[in-house]
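Presented below is the structure to which this report refers.
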Amino acid sequence: MTTDTLEVISRHRCFGGTQTFYRHDSSVIGLPMQFSVFLPPQAEQDRVPVLFYLAGLTCTEETFMIKAGAQRRAAELGIMLVTPDTSPRGAGAPGEDDDWDFGTGAGFYLDANREPWARHYRMESYVARELFDLATTELPGDPQRAGIFGHSMGGHGALVLAQRHRDRYRSVSAFAPIAAPTQCPWGEKAFTGYLGEDRSAWAEYDASALMAKSSCPFPEGILVDQGLADNFLEKQLNPEAFEQACEKAGQPLTLRRHEGYDHGYYFISTFMGDHLEFHAERLKA
């Protein structure tokens, strides 16, 4: 599908559907942005459920589509997959390319309010508003059947955006999410840089803090998978904090802990089918 808004970078036939990479001028980010879309064969006939995937630190819009092995099952289930980049590119903010865990490739799916980041680093509004609208107007995603999931930084993003935008997402899951970013080095670094020193503002982007003050926002449940051989588990991820918050909120949670699995895409691809089926069940017409 070609539109006046979206420039096609490349297009590939894939499992009877189409894998496409797009570029467009983002009004939210104020810069060109790229994203990828897998359209299942069913999208040739009608609007289909749409599932947004948020990738982790250093990744791009290509990472998931290349590594996760999701297209085969998505084609069978009739699910459209959409993956944005993980940050603006070429924003010109001083130091944005200095570290792998802050700046380029590390937008943390929030809207920065601290200069020099506030002008372009607006990934929450980009994902939950602009990209959502593109996927459900310019492309054949059904806005009434949308879900979100992600990995690591993107797992954080999925759990946070699902809670902050309940009008948009009907289902949510995550792989090895940064579940309590206000309590880990990655989150403290990113939130200080993007949001400033006021820790009360940080809580609005902490999945565990948001859940703890909620009341069962997703009654059909949330799925989280975590590898127990994950090098980042002890210092960065804090799945037990989210587990405790869900218990407090009366939120059904399936948190599966897997012996021997690490933080990478061998882990993600192993359980990808489970996540696609989880969302498909909740995004039925």
Worksheet item: Which numbered condition trips up residue 272, out of (1) buried (at least 22 other Cβ atoms within 10 Å of the Cβ); (2) in contact with a strand residue (DSSP E or B) (Cβ under 7 Å, 6 or more places away or on another chain); (3) closer than 24 Å to residue 69 by Cα?
Response: (2)
Item to complete: Output the residues belonging to the stretch 259-285 that are closer than 27 Å to residue 167 by Cα and assigned to a helix (DSSP H, G or I).
Response: 272, 273, 274, 275, 276, 277, 278, 279, 280, 281, 282
Worksheet item: Say we look at the stretch 32-44 and pick out the residues that are more than 19 Å from residue 64 (Cβ to Cβ) and surrounded by fewer than 19 Cβ atoms within 10 Å (Cβ to Cβ); which of these is farthest from the chain's Cα centre (by Cα)?
Response: 44
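Within the group 135, 112, which residue is more than 16 Å from residue 33 (Cα to Cα) and not β-branched (Val, Ile, Thr)?
Going through 135, 112 in turn, just one is more than 16 Å from residue 33 (Cα to Cα) and not β-branched (Val, Ile, Thr): 112.
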Worksheet item: Between a first residue in the stretch 154-167 that is in contact (Cβ under 8 Å) with a residue 12 or more places away in the chain and a second residue that is β-branched (Val, Ile, Thr) and assigned to a helix (DSSP H, G or I), which pairs have beta carbons less than 7 Å apart while being 6 or more apart in sequence or on different chains?
Response: 161/127
Fill in: Number of positions in the stretch 181-195 that are open to solvent by less than 10 Å² (accessible area, probe 1.4 Å) and more than 15 Å from residue 109 (Cβ to Cβ)
1
Worksheet item: Quick one: what pairs do we get from the stretch 207-218, first residue in a loop (DSSP other than H, G, I, E, B) and of a type in the set (A, V, I, L, M, F, W, C), second open to solvent by 40 Å² or more (accessible area, probe 1.4 Å) and modelled with pLDDT of 95 or more, C-beta under 7 Å, 6+ apart or different chains?
Response: 216/250
Worksheet item: Within the stretch 186-199, can one find any residue that is at pLDDT below 95 and either assigned to a helix (DSSP H, G or I) or in contact with a Ser or Thr (Cβ under 8 Å, 6 or more places away or on another chain) (or both)?
Response: yes
Discussion item. Quick check on my filter: what residues within the stretch 239-254 are open to solvent by 30 Å² or more (accessible area, probe 1.4 Å) and in contact with a strand residue (DSSP E or B) (Cβ under 6 Å, 6 or more places away or on another chain)?
Written reply: 243, 253, 254
Item to complete: Enumerate the pairs (first residue in the stretch 5-31 and surrounded by 15 or more Cβ atoms within 10 Å (Cβ to Cβ); second residue anywhere and in a loop (DSSP other than H, G, I, E, B) and not acidic (Asp, Glu)) with beta-carbon separation below 7 Å, excluding pairs fewer than 6 apart on the same chain, so at least 6 apart or on different chains.
Response: 17/40; 22/6; 24/5; 24/6; 29/88; 29/120
Worksheet item: When you look at residue 266, is it farther than 16 Å from residue 149 by Cα, surrounded by 23 or more Cβ atoms within 10 Å (Cβ to Cβ) and either in contact with a Phe, Trp or Tyr (Cβ under 7 Å, 6 or more places away or on another chain) or modelled with pLDDT of 95 or more (or both), yes or no?
Response: no
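The values are calculated or read from the model by the stated rules, or taken from the named source; none is laboratory data. The model shown is predicted, which means the values in this text are computed figures rather than measured ones. Neighbour counts are summed over all protein chains in view; Cβ atoms, including those assigned to glycine, are modelled from backbone coordinates with ideal geometry. Side chains are part of the model used for accessible areas, which takes the heavy atoms of the whole protein and leaves out ligands, DNA and RNA. Shrake-Rupley method; radii C 1.70, N 1.55, O 1.52, S 1.80 Å.
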